[in-house]
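Undergrad: Shown below is the structure under consideration.
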Amino acid sequence: MYQPTIGFAGMSHLGINSAVATAERGFHVVCFDMDKTLIENFKKQCLPIVEPTLPELLTKHCLTEKIEFSDDAAMLGQCDVVYIASDVPTNDRGVSDLASIYALIKQVLAHLNPNALLVVLCQVPPGFTRALKTELPLERVYYQVETLIFGRAIERALYPERFIIGCADPAISIDSRYGSLLAAFECPILPMRYESAELSKISINCCLVASISVANMLSEICEKIGANWAEIVPALKLDKRIGANAYLAPGLGIAGGNLERDLETILNFSEFYGTEAGIVKSWLRNSQYRKDWVLKILQSHVLLTNKNPTIAVLGLAYKENTHSTKNSPSLLLLQYLRSYNVRVYDPVVDCSIVSWAHSATSVEQALKSADVLIIMTPWPVFRTMTLEELKKTMRGRVIIDPYQVLAFLGLEKEGFHYSALGVGVTC
Amino acid sequence: MLKHLNKTKIKPTRVVVLGSQGFVGRYALRQLKSEGIEAVGISKNEVNLLHVDAEKILLEKLNLQDTLVVVSALAPCKNTAMLIDNLRMMQIVGNVIEKISLSHVVYISSDAAYADDITLATEDSVTAPTSFHGMMHSCRELILKQAAKKTPLAILRPSLLYGRGDPHHGYGPNRFIRLAEKNEPIVLFGNGEEKRDHVFICDVAHIIALVVQHRSEGILNLASGHAYSFREIAEIVLSEIECVSEIQATPRNNPIMHRHFNIAALYKAFPAFQPTQFKMGLKQVLQQSTLSMETT
């Protein structure tokens, strides 16, 4: 059976993970990016990002030449399907800059086989794909919703829950070349009009933010009334209307860039069309409010009595298993701790980005004589700390552990003052 | 949020406190002087802002590059006539600011500027006052924002104030202390369920001094970060003062409305500053004798 050759233009985090997953599913893949250095590094299997199993799979498929890299867009001319997979940059307010995507599409179209298909994989606002009709016939254009999760990118790319495909006409069957690619992943395929697919991605993120916001709001009430949110969550998940996989972990505010971008898109549509979207503003307000949780705990439980504490901050990345620090709660907190003696450690992020703090090379070094420990990113390695280590290495007995990384140690019973999201003090 | 034009503290050339004989003005002036800052006070004895020549007189008293702390008000503002007078006063101040190059202007406003139904106030909360007092401050903020377009302007919105020497007999710790000291009953509205954040006057003065030295601009709420119910406040007062006063509840006429403050912005603006918690502040108030102030 004919196997289509698949191209990926834009070797972003999304692009490289999608490309490697496609090669793993048996397709020949051509990867293009105009960044020569990036391409050379990929050829040498040097990755600028951290994702579990990505290095092994990349090596595997480079060795068999299943995947090839080039900084020459003409290489895409051999492809049957070409994905546009570059990042869409956003500013601090989450507003997308689409200029680079348009430029990339133009560059690709200059070399695209006249029968080849173009698939937009980037996070673009509704209306983007249909507007490409000025560039090529829409029968050759698809939009595919990406569901990348930092730290789980390969898993998500290899085993998608479903494909959401935006089409010029969803009543017409998907082109067989593209269809055979999608079928190789053995999951449901949902064709729909472009705008529905583009909004699907945003809708997913809105539902997640809504769920997180509810968890944030209720977990704060837990902290005040002596309840424990972790005790409530299983009861919620057993309610079929909420579901076993509901996203109910409280956090320190939205970070990473993608959720913020989607909320901004919804607000822009709402303002333009005059719809009611006050709830989105509430989510953003809640997110902003949550970012100060650790600072407030630190002020009320440490700085009230200790004017010059040594503070150990573990974690700089915005979440675990990633190198990304975009909108990281940790970096935001650290801005306000400059007057104190602070030691930072992250297993992946270079700590020199917090140039004024002491960069520790290990957890133990960060903890040495610390009066307070703050765990800002729930890296798995932080769960290996023991009670003995904490008692022996720390000077003080205050632990601020928003994500309950060390909850299993029963620290309150061991003489520690322990604060975590959603955990109240029982009277 | 507040933004500092001076990253580290720099003593201004001179600070002029307009309204220096009022509660906030007196404490502010004392704090500034105690920190070695050149500071003078102007009261209504020197400049009556409702006088026809007020603008001319005030201009004569100010030097170029002064820092002006504006506290002067007819407070609490209770009716239309007072509102208009207060706005006229601020119109004069605004005219003066437009005519002389000042280094910095600091306006002491109030949390009364916020809408009544705000239960967790931040600097971004909606300002939609429903009282004359709140409207007075809200309008005065606008007048100053217009006038100070070329001058850094800080607007500080304190929550309810308490401290020794407060001339007002407002419902709350100041009144409760006075009643307890006179062995009179402390009468609560309802059962005193409403929670309010009360900020210690010395904290307000301290922050004014910080704002002035950092040449800060923007908006900052001044609160302690902890709200107590009026009943709790009354109980704390009675636990600290030897007296025979008792707490009396009354039938409730209005719904219970709490107001808390999220003071993350205060923590961020001045990380080393610790708001005085109410019990500690109350002890300090009770230890103080009646404040005697220098007015120049």
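The values are calculated or read from the model by the stated rules, or taken from the named source; none is laboratory data. What you are looking at is a predicted structure, and each value in this text was computed from that prediction instead of being measured. We place every Cβ from the backbone using ideal geometry, glycine too, and count neighbours over all the protein chains shown. Please note that ligands, DNA and RNA were not included when accessible areas were found on the heavy atoms of the full protein model with its side chains. Shrake-Rupley method; radii C 1.70, N 1.55, O 1.52, S 1.80 Å.
Undergrad: So who's got an amide H within less than 5 Å of the one on A:Gly251, skipping anything under 5 residues away but keeping other chains? H placed 1.01 Å off N, in plane.
TA: A:Asn216
Undergrad: Can you grab the distance from the C-alpha centre of the stretch B:128-205 to the C-alpha centre of the stretch A:34-100, Å, no decimals?
TA: Value for the Cα centre distance between the two parts: 60 Å.
Undergrad: Right, here's the next one. Within 10 Å of each Cβ in peptide B:164-177, how many partner chain Cβ atoms are there on average? Round it to a whole number, please. Provide the component values of the computation, followed by the final result.
TA: On the way: counts 0, 0, 0, 0, 0, 0, 0, 0, 0, 0, 0, 0, 0, 0.
The shielding value for this peptide is 0.
Undergrad: Rounded to two decimals, what is the ratio between the C-alpha radius of gyration of the protein assembly as shown and 2.2 N^0.38 Å?
TA: Ratio of Rg to 2.2 N^0.38 Å for the protein assembly as shown: 1.15.
Undergrad: Okay, next question. What is the antiparallel percent of DSSP beta bridges lying wholly in chain A, to the nearest 5?
TA: Numbers: 4 of 45 bridges.
So the antiparallel bridges amount to about 10 percent of the total.
Undergrad: Given the Cα atoms of the stretch A:202-290, and with Rh set as the inverse mean 1/r over their pairs in the Kirkwood sense, what is Rg to Rh to two decimals?
TA: On the way: Rg = 14.2 Å, Rh = 14.0 Å.
A ratio of 1.01.
Undergrad: Which whole-number percent gives the relative contact order of the stretch A:188-305, counting Cα pairs below 8 Å spaced six or more residues apart?
TA: On the way: 72 pairs, mean separation 34.1, N = 118.
Answer for the stretch A:188-305 is 29 percent.
Undergrad: Using a 7 Å offset from the Cα along the Cα-to-Cβ direction at both A:Asp239 and B:Glu181, what is the distance between the two label points in nm, to one decimal?
TA: Inter-label distance under the simple model: 5.4 nm.
Undergrad: Please give the solvent-accessible surface of A:Cys46 in Å², to the nearest 10, using a probe radius of 1.4 Å with every protein chain present.
TA: The value for A:Cys46 is about 60 Å².
Undergrad: Let me ask something else about it. Output ³J(HN,Hα) for the stretch B:47-53: one whole-Hz value per residue in order, computed from phi by the Karplus curve 6.51 cos²θ - 1.76 cosθ + 1.60 with θ = phi - 60°, and x for Gly and Pro.
TA: Rounded to whole hertz, the list is 9, 8, 5, 9, 6, 4, 9.
Undergrad: For a quick check of your reading of the filter: which trypsin sites (Lys or Arg not before Pro) in the stretch A:337-420 sit in a DSSP loop and have no more than 12 other Cβ atoms within 10 Å?
TA: A:Arg338, A:Arg395
Undergrad: Within the protein assembly as shown, what percent of beta bridges assigned by DSSP are antiparallel, to the nearest 5?
TA: Details: 10 of 79 bridges.
Close to 15 percent.
Undergrad: Another question, if that's okay. So how far apart, in nm, are the two label points at A:Leu109 and A:Glu414 if each is 7 Å from Cα heading toward Cβ?
TA: For A:Leu109 paired with A:Glu414, the spin-label model returns 6.2 nm.
Undergrad: From the phi angles alone, apply the Karplus equation (6.51, -1.76, 1.60; θ = phi - 60°) to the stretch B:202-219 and give each ³J(HN,Hα) in whole Hz, x where the residue is Gly or Pro.
TA: Karplus-based 3J(HN,Hα) across the stretch B:202-219 equals 5, 5, 4, 5, 4, 5, 4, 5, 5, 4, 5, 7, 8, 6, 7, 9, x, 10 Hz.
Undergrad: Now for a separate question. Write down the Kirkwood hydrodynamic radius of the stretch A:293-419, to one decimal in angstroms, obtained as one divided by the mean of 1/r over all alpha carbon pairs.
TA: Details: mean 1/r = 0.0699 Å⁻¹.
It works out to 14.3 Å.
Undergrad: Using amide H atoms built 1.01 Å from N in the peptide plane, name the residues 5+ places from B:Val69, or on other chains, whose amide H lies under 5 Å from its own.
TA: B:Val16, B:Val17, B:Leu18, B:Val106
Undergrad: Give me the Debye-computed log₁₀ of I(q)/I(0) at q = 0.07, 0.11 Å⁻¹ for chain A, equal point scatterers on Cα only, no solvent, two decimals.
TA: For chain A at q = 0.07, 0.11 Å⁻¹, log10 I(q)/I(0) is -0.40, -0.92.
Undergrad: Need one value for A:284-297: mean number of C-beta atoms belonging to other chains within 10 Å of its residues' C-beta atoms.
TA: 2
Undergrad: State, to one decimal in nm, how far the label point of B:Lys150 lies from the label point of A:Ile149, with both points 7 Å from Cα in the Cβ direction.
TA: Roughly 5.8 nm, to one decimal.
Undergrad: Quick one: net charge of A:Glu139's neighbours, Cβ under 9 Å, K/R +1, D/E -1? Provide the component values of the computation, followed by the final result.
TA: Numbers: positive: A:Arg140; negative: A:Asp169, A:Asp175.
Neighbour charge sum, excluding A:Glu139 itself: -1.
Undergrad: Count the net charge of all other residues whose Cβ sits under 10 Å from the Cβ of B:Val40, scoring Lys and Arg as +1 and Asp and Glu as -1. Walk me through the intermediate numbers first.
TA: Values: positive: B:Arg14, B:Lys33, B:Lys61; negative: B:Glu38, B:Glu46, B:Asp66.
Its environment carries a net charge of 0.
Undergrad: Something else about it: Ignoring ligands and nucleic acids, what accessible area does A:Ile149 show with a 1.4 Å probe (Å², nearest 10)?
TA: 40 Å²
Undergrad: What does the charge count near B:Glu217 come to, summing +1 for each Lys or Arg and -1 for each Asp or Glu among other residues with Cβ under 11 Å from its Cβ?
TA: Numbers: positive: B:Lys3, B:Lys145, B:Arg215; negative: none.
Local charge sum for B:Glu217: +3.
Undergrad: I would also like to ask the following. Helix A:278-290 against the longest principal axis of chain A: what's the angle in degrees, Cα atoms only, rounded to the nearest 10?
TA: Result, in degrees: 50.
Undergrad: Let me ask another. Between B:Gln91, B:Gln248, B:Gln31, which gets the highest mean-square fluctuation from a Gaussian network model of chain B, Cα cutoff 10 Å?
TA: Its mean-square fluctuation being the largest, the pick is B:Gln248.
Undergrad: Which value, in Å³ per residue, describes the convex hull spanned by the Cα atoms of the stretch A:363-427? If you can, show how the numbers build up before the last one.
TA: Working: hull volume 5.1 nm³, N = 65.
It comes to 79 Å³ per residue, whole-number rounded.
Undergrad: For peptide B:274-286, how many partner chain Cβ atoms fall within 10 Å of a residue's Cβ, on average?
TA: Taking all residues of B:274-286 together, the mean is 1.
Undergrad: Suppose accessible area is computed on protein heavy atoms with a 1.4 Å probe; arrange B:Glu242, A:Glu260, A:Glu135, A:Glu198 from highest to lowest. Each step should come with its number before you reach the end.
TA: Numbers: B:Glu242 185, A:Glu260 25, A:Glu135 80, A:Glu198 0 Å².
Of B:Glu242, A:Glu260, A:Glu135, A:Glu198, the descending order of accessible area is B:Glu242, A:Glu135, A:Glu260, A:Glu198.
Undergrad: Step through the residues of the stretch B:112-126 one at a time and calculate ³J(HN,Hα) from phi using the Karplus curve (6.51 cos²θ - 1.76 cosθ + 1.60, θ = phi - 60°), rounding each to whole Hz and writing x for Gly and Pro.
TA: 5, 5, 7, 4, 4, 8, 6, 9, 10, 8, 10, 5, 8, 4, 5
Undergrad: How many angstrom separate the Cα center of the stretch A:266-290 from the Cα center of the stretch A:157-183?
TA: One Cα centre to the other: 32 Å.
Undergrad: Rounded to the nearest 5, what % of DSSP beta bridges with both residues in chain B are antiparallel? Each step should come with its number before you reach the end.
TA: Numbers: 6 of 34 bridges.
Restricted to chain B, the bridges split so that about 20 percent are antiparallel.
Undergrad: Tell me which residues come under 5 Å, amide H to amide H, from B:Leu161 once H is placed; ignore anything under 5 positions away on its chain.
TA: Those lying under 5 Å, H to H, from B:Leu161 are B:Val199.
Undergrad: Helix-derived [θ] at 222 nm for chain B: sum -39500 (n - 2.57) over DSSP H runs of at least 4, divide by residue count, nearest 500? All intermediate terms of the calculation are to be shown ahead of the outcome.
TA: On the way: 9 runs with 106 residues, N = 296.
Estimated from H runs of four or more residues: -11000 deg cm²/dmol.
Undergrad: If you don't mind, another one. Which angle between 0 and 90 degrees, to the nearest 10, do you get for helix B:23-34 versus the longest principal axis of chain B when only C-alpha atoms count?
TA: On a 0 to 90 degree scale, this one is about 60.
Undergrad: So, R0 is 30 Å and r is the distance between the beta-carbons of A:Ser352 and A:Arg397; what FRET efficiency does that work out to, to 0.05? Can you show the working numbers first?
TA: On the way: r = 30 Å, r/R0 = 0.99.
FRET efficiency, A:Ser352 to A:Arg397: 0.50.
Undergrad: If you average 1/r over every pair of different alpha-carbon atoms in the stretch A:224-269 and take one over that average, what Kirkwood value in Å do you get? Don't jump to the answer; show the numbers that get you there.
TA: On the way: mean 1/r = 0.0760 Å⁻¹.
13.2 Å is the Kirkwood radius here.
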